[in-house]
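The values are calculated or read from the model by the stated rules, or taken from the named source; none is laboratory data. These figures come from a predicted structure and were not determined experimentally. As a convention, Cβ positions derive from the backbone with ideal geometry for all residues, glycine included, and neighbour counts pool all protein chains shown. Protein only, heavy atoms only, side chains kept; ligands, DNA and RNA dropped before computing areas. Shrake-Rupley method; radii C 1.70, N 1.55, O 1.52, S 1.80 Å.
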Amino acid sequence: MTIGTSDAATELAAIAPPSTRVPAIVAAEYASRLDRARALTAAAGARALLVHTGASLRYFTGVPWGATERMVALLLPVAGEPVMICPRFERGSLEADLTIAAELRLWEEDEDPVALVADAARGCGPIAVDPLMPFAWTERLRATGAALIDGTPVIDGCRMIKSAAELACLAEAKAMTLEVQRRAAAILRTGIAASEVTRFIDAAHHAIGGGGSFFCAVQFGRATAFPHGLPSDQLLAEDELVLVDTGCRVHGYHSDITRTYAFGTVAQEVHDIWDIEHAAQAAAFAAAAPGVPCAAIDDAARAVLVGAGLGPDYRLPGLSHRTGHGIGLSIHESPNLVRGDRTPMVPGMCFSNEPMIVVPGRFGIRLEDHFHVTDTGAAWFTEPQPSIDRPFG
């Protein structure tokens, strides 16, 4: 399929979910996650882990709720049954989502949930606290006499290494988004609004089974020079650069894929920068292997740019942000492909690879695909874009 050869109705009618869907995470895997969290909590010198609502709570319990002003949390003792802290009026919803056996400690609207945590943790010893737990709550907990330590090593130590089931969820989400990207390119025409493309991408993500777009950025021409775009809507002109960055979720696991390509004919300079970006992405991928520090992947991408006369460091024209980020139940999670992150790569880690090149005020090129670390190197979830004129081969 080539750029601008179809229309939205035709493309939406042709989209269907995969014939065989990836299964959700099973109870046995949740149990193994709790076991690993207990071991890491003990190794950190704590006797319990306190997990806030959000992606980490979903990771350990299956509860997919977002954070609000009401406390919903997991207290996981190193020895003993998990405890869920939750508003009493939410009990039915909690039990419908909960995939682990846990004691429920429920609070009424006029009661203090922090007191429930303190009571449940009494006698446990130091508590490793989720770094996303609100400061006010942790300080009130500390005021009860609880000893608190940073729970980041425990939570990241669990979440950053993906299981085979998690890799399958990520792979399905990314395959869906790549197909949606392909069909979005087909509907482009002179004068189309970026907002119309965004709406199509959301509808296509729904049609393919991804639950709609988790996010979507559609940028034309000069707007491509801004990593997260400009606030105004744009109309596509002939002979203009197109950048589309979007993703969806499968069982909570994210895709996040960017394609940058020519709509018509673009200047030779744009072709040249596109080729440098392509080489930098390839160099980052080639550098990934078990034991390699995450920072070395960023170094590999920047070396290509510096060799082409761009940068150095974060200077423009060049790469103004990290080369990539971890991905899973959060679209951005630890570790990162960035200078200073010395985390050694381990099989099962998953990363974006997107060493965007920005030419200030004029254009930008971002190619983003994701890979996971294997026993021998790295493997792509989606194959990189082959050329500026052929975004999908």
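Of the accessible area of the chain, with the probe set at 1.4 angstrom, what percent is carbon plus sulfur?
55 percent
With all distinct Cα pairs included, what does the Kirkwood hydrodynamic radius of the range 150-238 come out to in Å, to one decimal, could you say?
15.3 Å
Starting from the Cα gyration tensor of the chain, take the square roots of the eigenvalues, sort them a ≥ b ≥ c, and report rounded, prolate or oblate (rounded when a/c is under 1.5, otherwise prolate if a/b is larger than b/c, else oblate).
Values: a/c = 2.22, a/b = 1.72, b/c = 1.29.
In terms of gyration-tensor shape, prolate.
Does the range 236-358 classify as rounded, prolate or oblate by the C-alpha gyration tensor (a ≥ b ≥ c root eigenvalues; a/c under 1.5 gives rounded; else a/b over b/c gives prolate, otherwise oblate)?
Because a/c hits 1.5 or more and a/b fails to exceed b/c, the range 236-358 counts as oblate.
Go through the range 363-368 residue by residue and turn each phi into a ³J(HN,Hα) via Karplus (6.51, -1.76, 1.60, θ = phi - 60°); whole Hz please, and just put x for glycine and proline.
Values, residue by residue: 6, x, 10, 10, 10, 10 Hz.
Quick one: of the DSSP bridges fully inside the range 68-146, what percent are antiparallel, nearest 5?
Antiparallel bridges: around 40 percent, rounded to the nearest 5.
Return the percentage of antiparallel bridges among DSSP beta bridges fully within the chain, rounded to the nearest 5 %. Could you put the intermediate results ahead of the total?
Working: 41 of 52 bridges.
Percent antiparallel among DSSP bridges in the chain is about 80.
Report the label-to-label distance for residue 230 and residue 36 in nanometres (one decimal), using points 7 Å from each Cα along the Cα→Cβ vector.
Roughly 4.5 nm, to one decimal.
How far is helix 268-287 tilted off the main Cα axis of the chain, in degrees rounded to 10, range 0 to 90?
The helix 268-287 is inclined about 40 degrees to the chain.
So what is the calculated 222 nm ellipticity per residue for the chain, using -39500 (n - 2.57) for each DSSP H run with n of 4 or more, over all residues, to the nearest 500 deg cm²/dmol? Before the final figure, lay out the partial values.
Details: 11 runs with 136 residues, N = 393.
It lands at -11000 deg cm²/dmol.
From the phi angles alone, apply the Karplus equation (6.51, -1.76, 1.60; θ = phi - 60°) to the range 289-296 and give each ³J(HN,Hα) in whole Hz, x where the residue is Gly or Pro.
Each residue of the range 289-296 in turn: 6, x, x, 6, x, 4, 4, 5 Hz.
Please report the spacing between the Cα centers of the range 140-168 and the range 60-118 in Å, no decimals.
Cα centres, the range 140-168 to the range 60-118: 16 Å.
Please list 3J(HN,Hα) in residue order for the range 235-251, calculated via the Karplus relation 6.51 cos²θ - 1.76 cosθ + 1.60 where θ = phi - 60°; whole Hz, with x for glycine and proline.
10, 6, 9, 4, 6, 10, 7, 10, 10, 10, 10, 7, x, 9, 9, 10, 6
Compute the acute angle (0 to 90°) between the alpha-carbon long axis of helix 27-43 and the principal axis of greatest extent of the alpha-carbon atoms of the chain; round to the nearest 10°.
For helix 27-43, the angle is close to 70 degrees.
Amide H to amide H under 5 Å from residue 338: which residues, 5+ apart in sequence or cross-chain, H placed 1.01 Å off N in plane?
295, 298
In Å², and per residue, what accessible area does the chain have when probed at 1.4 Å with the other protein chains present?
Heavy-atom accessible area per residue stands at 40 Å².
Counting pairs of alpha carbon atoms under 8 Å apart in space and at least six apart in sequence, what relative contact order in percent does the range 148-302 give?
Working: 204 pairs, mean separation 31.5, N = 155.
Answer for the range 148-302 is 20 percent.
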